[in-house]
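This is the structure, below, for whatever I ask next.
Rule-based calculations on the coordinates, nothing more; no lab input. Everything numeric in this text was worked out from a predicted model, so none of it was measured. Backbone-built Cβ (ideal geometry, glycine too); neighbour counts: all protein chains shown.
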Amino acid sequence: MLPAIGNEAIGYGLYSYAILTTPSERNTKFLVEVIKSIPGIKEAAADLNRLNIFYIPIQEEQQPQFVKELRAKPANFTVLADHFGTSFYDFRMARAILDHLCGLPPDTMKALCRTDLSRGPYIFTYATPASRLNAVPPPYLFVDLSKVDPRAFGEVLSAFREQVKRDDVTDRARIDTLRLKILQIALTASDWVEPIENGVQHLVSEIVHPAAAGPDR
């Protein structure tokens, strides 16, 4: 959970953020998959730089209550996700992160940033903690799931879980590896997306928005 802007832990291989802008049935189904399939970071045994931490914004004042409810009740992922989306998720923080991304967007993000970004869900991935950045320099990856059938949400999240880091790769290589995994899912599960006039290749460009850098830093 991310209870406040700038509250990320230091040292992970990649930082991903579950970005939701409004309560909706789609976003509840996405949260179901997140809660069901992604284990708590404290359960992982690998070194931090080999882990991709996946943050969910939560209202800071509500975090103790959510933890209390989580411990008190048997796991019903749908009920838990629906309650989280309506009572605990911090939509204001999520919109702030989106504002940072769209402040000075690269070409690959400009068309997306001109939309109202009201559907989602979205996933934003960066090599370092990013919630505090007012302008986010590339490289990063932004995944727009607004046109993807909820049946594919679990497959997309599996790609994030499978992403293994190595100490000797650059930030750009880490982002590119994850991008290729997401592209593969989009191409092999094209029946799980809304029909798009120009076909699958256009579909991929609608879902995966890589922001590339120049020379690796």
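Between GLN65 and ALA46, what is the label-to-label distance in nm when each label sits 7 Å out along the Cα-to-Cβ direction?
Distance between label points: 3.6 nm.
Over its Cα atoms, what ratio of radius of gyration to 2.2 N^0.38 Å does region 65-117 give? Walk me through the intermediate numbers first.
Numbers: Rg = 16.4 Å, N = 53, 2.2 N^0.38 = 9.9 Å.
Ratio of Cα Rg to 2.2 N^0.38 Å: 1.64.
Ranked highest first by average number of other Cβ atoms within 10 Å, how do 22-28, 36-42, 54-60 line up? Present the calculation step by step, with values, prior to reporting the outcome.
Working: 22-28: 17.0, 36-42: 11.9, 54-60: 20.6.
Packing proxy ranking, top to bottom: 54-60, 22-28, 36-42.
Using Cα-only point scatterers and the Debye equation, what is log10 of I(q)/I(0) for region 28-89 at each q in 0.13, 0.17, 0.24 Å⁻¹, rounded to two decimals?
Here log10 of I(q) over I(0) equals -0.38, -0.64, -1.12.
Right, here's the next one. Obtain the nm distance between the two label points defined at LYS110 and GLU162 by a simple spin-label model: each point lies 7 Å from its Cα along the Cα-to-C-beta direction.
In this crude spin-label approximation the distance works out to 3.4 nm.
Report, in whole Å, the centroid distance computed from the Cα atoms of region 104-131 and region 23-49.
About 20 Å separates the Cα centre of region 104-131 from the one of region 23-49.
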